[in-house]
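Right, one structure below, let's go through it.
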Amino acid sequence: MKRLFVICIAVSFFACKEDPKVDYAIISGKIDNPTAEVVNLFDGNEKIKEITLKEDGTFADTLKIESGYFTFVHNMESATMYLEPENDIKVSLDFKEFDETLTYTGKGSENNNYLATKYLLEENANLDVAKVFALEEAEFLATMDEVKSTKLELLKSAKNISDDLKALEKKNIDYEHFADLQRYKSYHAYYAKKEEFKPSEDFMKLLQSVDYNNEEDYAKLDSYKRLVQGHYASKISDSKNPSEVFEDINNNTFKALKNDLSNRLRYDIAPNNEHNEAYYNGLMAMSTDEKFKEGLTAKYDKVKKLAKGMPSPEFVEYENHKGGTTSLEDLKGKYVYVDVWATWCGPCIREIPSLKEVEKQFHGKNIAFVSTSIDKASAHNTWVEMVKEKELGGVQLMADNDWNSQFVKDYAIEGIPRFILIDPDGNIVSADAPRPSNPKLVKMFNELKI
């Protein structure tokens, strides 16, 4: 009897024990016409898994995860996925038509087929950004409301997606809508050519209704992350006293935002920013990343040396498209307008017609127009041919070590195109001069009596 009692206890124990909680998902699939040997999975900016493709383009692996959005990447193409523990998802695509052929099967596929359809919907809508943002306020709002309604209808019609994803997507659609409204001020000023444009108070109230301090949504939703960073970046840039805004952010927001905002705003420490000191002190106070602070200090010290009237950094013996080499020293006695560009840079190429017009307008004047390519050495022939094909004028040079050229580093150049104006004595007039397409450039030249 005693033995039977013990056996009953044992049976009862094992019967009541919960099954272990599954904390992983399985992802597998096949890529036709792959162009790399791996696929990568990212959680935000962090790579969480690299999976090697087999010779036939198939792959499979397990992911220890919590529910959320992830990014599936093959070479330069990517797709947003929503993964949950216990998912067993099979991915199928042809790299030649990545978005159009991307499909999912298996447990959790409904969530991801919805996301793939949503992306195609946005892509096929093919909104003309210049046209939409040039619209007057009422028309713009009506257009954005229509875009939002279309997204909500797609979400409503989606079958068998999880309640968690549905709740997140409702928030996502709201935040994406607010992000479009947030861009209106600067985009409308640019596309409608209204330099001093400001939206109405009623328009701004729509943006003021957003809670910009939701740490949970910030961790889960990239759309909210971009919206919040844009909000605070605008507050700082619009303020006559950025130090006060930095102090408010530092005292009243959360750590992840402060670190992300520091990384984003580091690019605003630039030669033409009259508030560089406030930005530097503010970012140093917000960031907890010592390596970031070290790099920021080095950049700040460099930018201080690029003030108007300071001696310009030199470039020495850059290859000249016409033959031989050219140094900045060779151009002393003239103003020098330097265009730092590359053959792969779309915005750089879009400036070429305007640059030609300005060159023509100031032909024979005391100014040299220098275009310095920072293409890699492997693209040398591309540079040679593009200069010929586009009939580029002025002095066409190729930097000696692309982004690592000393001239590029000394001018703290982190993005192109970048334009620099140097006076006849070799001193800086502007380390970040107006683009050729900006009427302020000709105005500057005329004020200098070039």
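Within the range 191-207, the set of residues being out of contact with any Phe, Trp or Tyr (no Cβ under 7 Å at 6 or more places or on another chain) and touching a residue at least 12 places away in the same chain (Cβ under 8 Å) comprises Ala192, Phe197, Lys198, Ser200, Phe203, Leu206.
Right, Lys90: farther than 20 Å from Ala192 by Cα, in contact with a helix residue (DSSP H, G or I) (Cβ under 9 Å, 6 or more places away or on another chain) and touching a residue at least 60 places away in the same chain (Cβ under 8 Å) or not? Considered against the rule, which asks whether it is farther than 20 Å from Ala192 by Cα, in contact with a helix residue (DSSP H, G or I) (Cβ under 9 Å, 6 or more places away or on another chain) and touching a residue at least 60 places away in the same chain (Cβ under 8 Å), Lys90 comes out as yes. Looking only at residues of the range 25-51 that are touching an Asp or Glu at 6+ places or on another chain (Cβ under 8 Å) and more than 30 Å from Ala219 (Cβ to Cβ), we find that the one that is surrounded by the most Cβ atoms within 10 Å (Cβ to Cβ) is Ile31. Screening the range 314-358 for residues that are within 21 Å of Lys376 (Cβ to Cβ) and hydroxyl-bearing (Ser, Thr, Tyr) and picking the one that is surrounded by the fewest Cβ atoms within 10 Å (Cβ to Cβ) gives Thr325.
Counted as qualifying within the range 362-450 are the strands (runs of 3 or more DSSP E) with 1 or more residues that are among the hydrophobic types (A, V, I, L, M, F, W, C) and under 26 Å from Asp268 (Cβ atoms), namely 418-422, 428-430.
Filtering the range 184-209 to residues that are within 17 Å of Gly230 (Cα to Cα), under 25 Å from the mean Cα position of the chain (by Cα), surrounded by fewer than 14 Cβ atoms within 10 Å (Cβ to Cβ) and of a type in the set (D, E, K, R) leaves only Lys198. With respect to (1) surrounded by 16 or more Cβ atoms within 10 Å (Cβ to Cβ); (2) part of a helix (DSSP H, G or I), the lone exception for Tyr212 is condition (2).
In a helix (DSSP H, G or I), aliphatic (A, V, I, L, M), out of contact with any Lys or Arg (no Cβ under 9 Å at 6 or more places or on another chain) and outside the structural domain of Tyr104 (by TED's automatic domain parsing): does that describe Ile236? Talk me through it step by step, then tell me what you get.
Details: in a helix (DSSP H, G or I): yes; aliphatic (A, V, I, L, M): yes; out of contact with any Lys or Arg (no Cβ under 9 Å at 6 or more places or on another chain): yes; outside the structural domain of Tyr104 (by TED's automatic domain parsing): yes.
Criteria met by Ile236.
For the range 213-229, the set of residues classified as closer than 11 Å to Phe254 by Cα and either among the acidic types (Asp, Glu) or more than 20 Å from the chain's Cα centre (by Cα) (or both) consists of Asn213, Asn214, Glu215, Glu216, listed by residue number.
Of all the numbered requirements in (1) free of Cβ contacts under 8 Å to residues at least 12 places away in the same chain; (2) in contact with a Leu (Cβ under 8 Å, 6 or more places away or on another chain); (3) of a type in the set (Val, Ile, Thr), Thr326 misses one, and that requirement is (1).
Within the range 60-105, the set of residues being surrounded by 15 or more Cβ atoms within 10 Å (Cβ to Cβ), within 22 Å of the chain's Cα centre (by Cα) and assigned to a helix (DSSP H, G or I) comprises Phe98 only.
Just one of the numbered conditions (1) surrounded by fewer than 15 Cβ atoms within 10 Å (Cβ to Cβ); (2) outside any loop (DSSP other than H, G, I, E, B); (3) outside the structural domain of Glu414 (by TED's automatic domain parsing); (4) in contact (Cβ under 8 Å) with a residue 12 or more places away in the chain is not true of Lys291: (4).
The values are calculated or read from the model by the stated rules, or taken from the named source; none is laboratory data. Note that the structure is predicted; figures quoted are calculated from it, not measured. A quick note on method: Cβ atoms are made from the backbone with ideal geometry, for glycine too, and the neighbour counts reach across all protein chains shown.
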